[in-house]
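Chemist: Before anything else, here's the structure in question.
The values are calculated or read from the model by the stated rules, or taken from the named source; none is laboratory data. A quick note: this is a predicted structure, and the numbers were derived from the prediction, not measured. Here Cβ is always computed from backbone atoms with ideal geometry, including for glycine, and neighbour counts include all displayed protein chains. What goes into the accessible areas is simple: the full protein's heavy atoms, side chains included, and nothing from ligands, DNA or RNA. Shrake-Rupley method; radii C 1.70, N 1.55, O 1.52, S 1.80 Å.
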Amino acid sequence: MEQKSKLYVTLLTGRTIEQGVAKERGKSSSEYAESVSVCYMDPEDMKQLGIKEKTNVQVSTEYGSVVVKALKSLRAPHTGIIYIPYGPWANVVVSSETHSIGMPSFKGVSAEIEPAPDMPVLGLEELLKKQFRKG
Amino acid sequence: MQVVKAVTCPVCGSLCDDIELTIDDGKIVKVKNGCAMCESKFLGYCGEHRISKPLIRRNGELVKASMKEAIGKAAEILAEANYPILYGWSSTSCEATRVGLELAEEVGGVIDNTAVVCHGPSLLSVQEVGIPSCTLGQIRHRADLVIYWGSDPWSAHPRHIERYTAFSEGRFEKSEWRGYLTKLKALIGRKKIESTLRRLFLKKQPSVSSVPEGKVCPTISRTGRKLIVIDVRRTKSAEMADYFIQVEPNKDYELLQAFRSLIRDQELDVDKVAGVPVEHLEEVADAMVGCSFGALFFGVGLTMSRGKLKNIDAALSLVRDLNMCTKFIIMPMRGHFNVTGANTVSTWQSGYPYAVDFSLGYPRYNPGETSVMDVLLRKESDAALVVASDPVANFPRKAVEHLVENPLIVIDPHMNATAQMADVVFPSAFVGIEAEGTAYRMDHVPLPLKKVVEPPRGVLPDEEILRRILSEVRKIKKAKTTEEA
């Protein structure tokens, strides 16, 4: 199969049970950071990008870009859809457009995904410092 | 060791009230009946992430301070602000929210709860269309068709299916748990055969196909309680369902309207709607019309996708149409344990469920203008108070940028991303563990939350902290008016 350097996908964000458990444990815990700095992908899409599980990938939208760890989706097939659990990492790339009703667009955002094995997944503090120069 | 029974779990909107806690030496050591999130909360509440003392930012660093100093600083920030935001409220008690509304009125700010980023659009639609509802108990005993749309209860409300819907043992409807186990056994058996064949012939496994084209589903027409899941991805809940429909992202509205046509016996002159073959939709529409008591639960999959409140309009209208031929109810799957309470208390006190603006001295409500997200995006607020919530971890980056630029006060038991950015941080007691209170379940049934252990020394409940800030704000304002006079 031809390998591509970049894929155009639809980004969904949402809950996972790991995120739910870790957030109750404590949001400054490493479990929380690990549960939300990931991106679930369809195994076919991973093949297309030529990456293995746990490779770092860069997800970019018109609102920003963030490096997260790619994980194989257990709920495949859903080619063309990537899933990042709610959290500070997802927020970098979701749409802030509220369509005048107060609700931003957390789901169904157009995104690009590319392998970024040399770029690190930032920790919570580093991410906040980079985004907001505070914390 | 002491065992406390019938504890209400303060995690998600299901508010399971059958938790049993074992307490030893003032600490919870064992949790019975809870889900993974419940256990995590009850066992981890007093972990290393707990804030022990009030903190104030000095020279860019958060340093420990006395309660009096922190209250004074917070009151000063709020009293001086022209247009402060008071946000959060869904993970605290109704009593704390009530004081929060009083404070918002006093300082002329905007008070908003986390419904704005979960079921805000649902509330807007309910105001337009109306909602046929009932309690979860009625669903447990009577519903013979349960639909989850854009919601994954297995991940977000882990015991919902078991306690209130398909797998619960009702008076008139039996649990489908046994049926599911049989299905699971068959699936495991099939997987075993497949892997043996693969090993024997070293053949590549064919990729799993989604809903097979044109195949009629046998389970949908059987008698007994049925579970249908409609989602953009095959979630764990979808695997438990009798029938799963995978809708294309952002196409829920089309699918809902297609269902509305089908249940009115109208023909669709297309083969597929939102990527789903029409014959599959016809089967589900038949099941909807044919049931005697149906329940449609919808999650943020509908409120956050394209269409937002219009998706809910369509879902509510679908249920209204269904009520022409059978009994059907619809209910939003509320996330935080007391987000329904926050909406209810806000409605009692101000007339509006969320996004209430007191800046003109009377409550105004116009989501899109007075909602916290839009205020932040327009860069209008000049201070913020966040209670039991973590907007820095849950808001889009652009909105957070403005939130952290201004003075920020946080009341939270745990250190989180928002507390890290704050100028004043108050540690608080966990409602439902270390403090009493009232919370509303997703079906608007109020339940008492218990105090089972003592909070750490010097740590107060949200309600008490807010009361102290409010009285300090009043003092500052009074001093100001006498000065001016």
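Chemist: What do you reckon, is B:Thr219 closer than 22 Å to B:Ala166 by Cβ, open to solvent by less than 50 Å² (accessible area, probe 1.4 Å) and at pLDDT below 80?
Modeler: yes
Residues are listed down the side, and each one gets a yes or a no for (1) out of contact with any Ser or Thr (no Cβ under 7 Å at 6 or more places or on another chain); (2) away from chain B (no Cβ under 13 Å):
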position: A:Leu11; (1), (2): no, no
position: A:Gly14; (1), (2): yes, no
position: A:Gly26; (1), (2): yes, no
position: A:Ala33; (1), (2): yes, no
position: A:Val36; (1), (2): yes, no
position: A:Tyr40; (1), (2): no, no
position: A:Gly50; (1), (2): yes, yes
position: A:Gln58; (1), (2): no, yes
position: A:His78; (1), (2): yes, no
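Chemist: Residues that are farther than 30 Å from B:Tyr352 by Cα and either in contact with a Leu (Cβ under 6 Å, 6 or more places away or on another chain) or open to solvent by 40 Å² or more (accessible area, probe 1.4 Å) (or both): does the range B:106-120 have at least one?
Modeler: In the first step, residues of the range B:106-120 are kept if they are farther than 30 Å from B:Tyr352 by Cα; the result is none.
No, that holds for no residue.
Chemist: If you check B:Arg178 against the conditions, is it in contact with a helix residue (DSSP H, G or I) (Cβ under 6 Å, 6 or more places away or on another chain) and either of a type in the set (Phe, Trp, Tyr) or without any contact (Cβ under 8 Å) to a residue 40 or more places away in the chain (or both)? Can you show your working first?
Modeler: Details: in contact with a helix residue (DSSP H, G or I) (Cβ under 6 Å, 6 or more places away or on another chain): no; either of a type in the set (Phe, Trp, Tyr) or without any contact (Cβ under 8 Å) to a residue 40 or more places away in the chain (or both): yes.
No; evaluated as a whole, the condition is false for this residue.
Chemist: Looking at the range B:33-63 only, could you name the residues that are more than 14 Å from B:Val4 (Cβ to Cβ), assigned to a loop (DSSP other than H, G, I, E, B) and away from every other protein chain (no Cβ under 14 Å)?
Modeler: B:Lys53, B:Pro54
Results for (1) more than 30 Å from B:Asp313 (Cα to Cα); (2) within 14 Å of chain A (Cβ to nearest Cβ); (3) more than 27 Å from the chain's Cα centre (by Cα), shown as yes or no for each residue.
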{"site": "B:His119", "(1), (2), (3)": "no, yes, no"}
{"site": "B:Val126", "(1), (2), (3)": "no, yes, no"}
{"site": "B:Pro132", "(1), (2), (3)": "no, no, no"}
{"site": "B:Val146", "(1), (2), (3)": "no, no, no"}
{"site": "B:Pro158", "(1), (2), (3)": "no, yes, no"}
{"site": "B:Ser168", "(1), (2), (3)": "no, no, no"}
{"site": "B:Leu181", "(1), (2), (3)": "yes, no, yes"}
{"site": "B:Ala186", "(1), (2), (3)": "yes, no, yes"}
{"site": "B:Thr196", "(1), (2), (3)": "yes, no, yes"}
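Chemist: Taking the conditions exactly as written (closer than 14 Å to B:Ile409 by Cα, basic (Lys, Arg) and either open to solvent by 10 Å² or more (accessible area, probe 1.4 Å) or outside any helix (DSSP H, G or I) (or both)), does B:Lys30 satisfy them or not? Step through it out loud before you land on a result.
Modeler: Numbers: closer than 14 Å to B:Ile409 by Cα: no; basic (Lys, Arg): yes; either open to solvent by 10 Å² or more (accessible area, probe 1.4 Å) or outside any helix (DSSP H, G or I) (or both): yes.
Here the answer is no, as B:Lys30 does not meet what is asked.
Chemist: Still on this structure, please answer the following. Collect the residues in the range B:298-312 that are in a helix (DSSP H, G or I) and open to solvent by less than 20 Å² (accessible area, probe 1.4 Å), keeping them in residue-number order.
Modeler: Going residue by residue through the range B:298-312, those that are in a helix (DSSP H, G or I) are B:300-303, B:309-312.
If the condition is that a residue be in a helix (DSSP H, G or I) and open to solvent by less than 20 Å² (accessible area, probe 1.4 Å), then B:Gly301, B:Leu302, B:Thr303, B:Asn311, B:Ile312 are the ones that fit.
Chemist: Checking A:Ser28 against (1) at negative phi; (2) surrounded by 21 or more Cβ atoms within 10 Å (Cβ to Cβ), only one condition comes out false. Which one?
Modeler: (2)
Chemist: Kindly evaluate B:Arg441 against the criterion of being within 23 Å of the chain's Cα centre (by Cα) and either more than 12 Å from chain A (Cβ to nearest Cβ) or of a type in the set (Lys, Arg) (or both). Lay out the reasoning, then the answer.
Modeler: Numbers: within 23 Å of the chain's Cα centre (by Cα): yes; either more than 12 Å from chain A (Cβ to nearest Cβ) or of a type in the set (Lys, Arg) (or both): yes.
Considered against the rule, which asks whether it is within 23 Å of the chain's Cα centre (by Cα) and either more than 12 Å from chain A (Cβ to nearest Cβ) or of a type in the set (Lys, Arg) (or both), B:Arg441 comes out as yes.
Chemist: Mind checking which pairs have a first residue in the range B:328-340 that is closer than 11 Å to B:Asn113 by Cα and a second that is outside any strand (DSSP E or B) and among the basic types (Lys, Arg), Cβ under 6 Å, 6 or more apart or different chains?
Modeler: Going by the 6 Å Cβ cut-off, the qualifying pairs are B:Thr340/B:Arg334.
Yes/no matrix, rows are residues, columns are (1) away from chain A (no Cβ under 14 Å); (2) hydroxyl-bearing (Ser, Thr, Tyr); (3) open to solvent by less than 10 Å² (accessible area, probe 1.4 Å):
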residue	(1), (2), (3)
B:Thr370	no, yes, yes
B:Pro391	no, no, yes
B:Pro413	no, no, no
B:Asn416	no, no, yes
B:Leu447	yes, no, no
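Chemist: Assigned to a strand (DSSP E or B) and either surrounded by 21 or more Cβ atoms within 10 Å (Cβ to Cβ) or not basic (Lys, Arg) (or both) - does that describe any residue in the range B:8-15? Walk me through it before giving the result.
Modeler: Initially, the range B:8-15 is screened for residues assigned to a strand (DSSP E or B), giving B:12.
Narrowing the set further to residues that are either surrounded by 21 or more Cβ atoms within 10 Å (Cβ to Cβ) or not basic (Lys, Arg) (or both) leaves B:12.
Checked the range B:8-15: at least one residue is assigned to a strand (DSSP E or B) and either surrounded by 21 or more Cβ atoms within 10 Å (Cβ to Cβ) or not basic (Lys, Arg) (or both).
Chemist: For the range A:83-106, how many residues meet the condition of being over 13 Å from B:Asn394 (Cα atoms) and in contact (Cβ under 8 Å) with a residue 60 or more places away in the chain? Break it down stepwise before answering.
Modeler: Step one: filter the range A:83-106 for residues over 13 Å from B:Asn394 (Cα atoms), giving A:83, A:97-102.
From the residues that got through so far, the ones that are in contact (Cβ under 8 Å) with a residue 60 or more places away in the chain too are A:83.
The qualifying residues number 1.
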